[in-house]
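Computed from the coordinates by the stated procedures, all read-outs in this text should not be read as laboratory data. Remember, predicted model here, so these are calculated numbers, not experimental data. Glycine also receives a Cβ, built like all others from the backbone with ideal geometry; neighbour counts cover every protein chain displayed.
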């Protein structure tokens with residue numbers, strides 16, 4: 001993002017000294033640096049300037065009337081916007097180590113004695129000037145990236161929302177064609193009907209997943225008490241056909257009632273239970289265990305849910321892809337999916353202050369865990 005024409009975007013350097021000749025001498029040393037030089041003749045004047053302007057570095061005299069340099073540095077440490085400004089003390093007082101130690105305790109990055117060596121002072125200031133410029137460039141890139149991500153998510157939200165209706169119509173008319181005209185086409189035509197309806201359903205699923213992903217964090221989260229036992233039962237009903245076909249065994253422990261977003265925790269259960277039932281190679285009957293317990297994580301009381309299966313497991317080489325959006329570990333011919341579900345789960349869990357992780361080994365199944373903060377809840 002470029003600055004408007006005529007805007008001076010050079011960083012500020014503040015020189016603080018109660019003697020004008022010292023201010024002029026320091027300005028002369030630093031005048032060739034790519035920065036705007038400002039001066040203050042007292043601690044109060046310096047603090048007033050720092051409240052109104054960002055600075056790359058402050059050169060602070062120690063011995064000043066009314067408020068000395070140590071007091072100024074101490075007050076800077078108490079203010080959020082000043083705390084991280086590098087301070088170089090410039091002083092003519094004793095070179096005893098205790099003064100330098102005191103300066104370091106107040107957050108000073110350096111301690112320079114008068115008379116000042118011009119080249120050394122200029123090189124020290126340039127280091128912190130360069131660091132400031134680099135930091136500002138990184139912050140600006142982060143702002144641009146955040147804006148770009150927000151625009152991309154808005155685009156995904158609008159596109160996926162607007163695509164739902166034409167896809168629904170496509171699927172409906174494909175179904176009507178098959179129902180009314182299947183007797184008029186040969187076996188190849190029957191396969192074409194199947195391809196059309198199957199592709200339309202897959203596209204609907206992908207659009208729904210993209211819409212879910214783009215909604216997380218965009219819309220206000222509404223919290224309510226959710227009976228997780230009931231929720232698990234409702235989600236398992238959605239997989240009734242899969243359960244009957246595979247003879248899968250699902251064991252649901254004593255789950256809590258928690259205060260969270262009903263919509264988003266349903267999405268968690270749908271994705272994680274769906275994956276636990278899906279990723280099997282047919283060598284054994286699928287088994288899924290769903291449990292929850294309370295624990296402390298990072299000093300906070302959390303509900304930790306686990307969804308454990310005995311499926312094909314996850315190869316460690318794919319660890320960086322598991323929660324990445326649009327990343328698939330298996331070919332779609334082997335296992336269907338859009339590569340969005342787990343990234344949506346991660347986005348939601350982190351949005352409400354929780355975390356999600358997994359443990360797995362190839363051929364030994366996978367255990368997914370997600371931790372949610374304990375708010376106001378009651379066990380059934």
### Task
Within region 276-320, find all residues whose amide N lies under 19 Å from a label point positioned 7 Å from the Cα of residue 244 along Cα-to-beta-carbon.
277-278, 286
### Query
Using the count of nearby Cβ atoms within 10 Å as a rough guide to exposure, how do 246, 366 rank from fewest to most?
246, 366
### Task
Mind sorting 181, 111, 192 by how few other Cβ atoms lie within 10 Å of their own Cβ, fewest first?
181, 192, 111
### Query
When 301, 41 are ordered from fewest to most other Cβ atoms inside 10 Å of their Cβ, what list results?
301, 41
### Task
Treat each spin label as a single point 7 Å out from the Cα along the C-beta direction, and report the residue 319 to residue 234 distance in nm.
3.7
### Message
For the pair residue 136/residue 66, report the inter-label distance in nm, with labels modelled 7 Å from Cα in the Cβ direction.
### Response
2.9
### Query
To the nearest 0.05, what FRET efficiency results for residue 36 and residue 145 with a Förster distance of 30 Å applied to their C-beta separation?
0.60
### Task
Would you kindly work out the equivalent ellipsoid of region 12-116 from its C-alpha gyration tensor and give its semi-axes, the square roots of five times the eigenvalues, largest first in whole Å?
18, 17, 13
### Query
What ranking do 257-265, 170-178 get when scored by the average of other Cβ atoms within 10 Å per residue, highest first?
257-265, 170-178
### Task
Could I have the simple spin-label model distance between residue 252 and residue 74, label points 7 Å from Cα toward Cβ, reported in nm to one decimal?
6.3
